[in-house]
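Trainee: Here it is, the structure, as structure tokens.
The values are calculated or read from the model by the stated rules, or taken from the named source; none is laboratory data. None of the values given here were measured: they were computed from a predicted structure. What goes into the accessible areas is simple: the full protein's heavy atoms, side chains included, and nothing from ligands, DNA or RNA. Shrake-Rupley method; radii C 1.70, N 1.55, O 1.52, S 1.80 Å.
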Amino acid sequence: MTELLSQAHIGITIALFLLAGATIAVFGIRMTYLARDLAVATGLGEAFMGAVFIGATTSLSGIIASATAAWEGQAGLAVSNSLGGIAAQTLFLVLADLLYRKANLEFAAASVENMMMSVQLMLLLCILLVAFNLPDASLLAVHPASVVLVAAYLFTLKLLVDTHEKPMWMPRMSPGTVSESRKHGKRHSRRQRSPLVLHFALCATAVGLAGWVIANCGIVIVEQTGLSAGITGGIFIAVSTSLPELVVAVTAIRMGALTLAVGDIVGGNAFDTLFVAVSDFFYREGPIFSAIDNTERVWLGSAMLMNTILLMGLMYRERRGIANIGMESALILLVYVGTVLLLGAQALSG
């Protein structure tokens, strides 16, 4: 599709980009409501639904973009799309914090599952950090760290389920804390859950396809800028493929499903680390970890710093901040802006 769009008029590409964005808005909103109902119907909880079902679904476009870039030999574009997407999606929590007027979002959405997901993300990012600095090693042109990354993701998902079902720690419930909805009391039967699952799958397919269109349109639009792969993938492609997460998070905030909103972002970020593993499988010139440059390392450091700040906010739980956002949201914003300015300055000087 990218080749066809590159031959078409730029106006057509922009129109498709906007149409795909509108599709994401319509179906993403509906998918969010279905995810909340499924969280109650299955008993898995909002955090797990946001992390796995919504997080994975809304990341389809990003994983396709990274795999395509890796197949075409663009290692920097593939990896920076993953790490830049994590940074961009964490930034979306700042926007969500602005929308929620009652209290600081990290204070109101306190849950042990969200903290567990932040730890999960930090673990996966640490694996990437180690892999980026290891000597070249591969089996069939795939780095062992890619296998470890996938295994660690699956293992920590099991821990997340156990944390929801048998939590050993509980946040202090105080005025302003919003707990998950338990409207339907008990889990529904499999027959009752089937329509919800089918409807969710249809909406997820529409969002995934629209995200794929956005990814391809974004690649074509930024091809003419002459920016480096790290800038292109880390900012433009990453932000465009992360639009579904923004729509879902905003919708979840507006309907009061705060745990679902934070779970969508943090859990989606954990899934986004798998982009690197998938890209490694598609990159045929050797381990993708040895083909990156300092730009991808900067994105990795930024993602780790932003997630650490978020985790501190979830634990400290500042009730009120400045201009209706908590101190952690302000710091996340500063880290992201600083990263973009740093990479921009490097690109101009180079």
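Trainee: Would you list Y283, Y316 from the most to the least accessible area, probe 1.4 Å?
Mentor: Y316, Y283
Trainee: Can you work out ³J(HN,Hα) from phi for every residue in the range 115-126, in order, using Karplus 6.51 cos²θ - 1.76 cosθ + 1.60 and θ = phi - 60°, giving whole Hz and x for Gly and Pro?
Mentor: 5, 4, 5, 5, 5, 4, 4, 5, 4, 5, 5, 5
Trainee: Continuing with this model, one more query. Got a sec? What order do D97, D162 fall in by accessible area at 1.4 Å, biggest, i.e. largest, first? Mind showing how you got there, number by number?
Mentor: Values: D97 0, D162 60 Å².
Largest accessible area first, the list is D162, D97.
Trainee: Next up: Explain nothing, just compute: Karplus ³J(HN,Hα) = 6.51 cos²θ - 1.76 cosθ + 1.60, θ = phi - 60°, for every residue of the range 14-30 in order, whole Hz, x for Gly and Pro.
Mentor: Result, ordered by residue: 5, 5, 5, 4, 5, 5, 5, x, 5, 4, 4, 4, 5, 6, x, 5, 5 Hz.
Trainee: In terms of solvent-accessible area of protein heavy atoms at a 1.4 angstrom probe, what is the ranking of H164, H9, H199, highest value first?
Mentor: Result of the area sort, largest leading: H9, H199, H164.
Trainee: On to the next question. Got a sec to turn the phi values of the range 67-84 into Karplus ³J(HN,Hα) couplings, 6.51 cos²θ - 1.76 cosθ + 1.60 with θ = phi - 60°, whole Hz, x for Gly and Pro?
Mentor: These are the phi-based 3J(HN,Hα) values: 4, 5, 5, 5, 4, 8, x, 8, 5, x, 5, 5, 6, 5, 4, 5, 6, x Hz.
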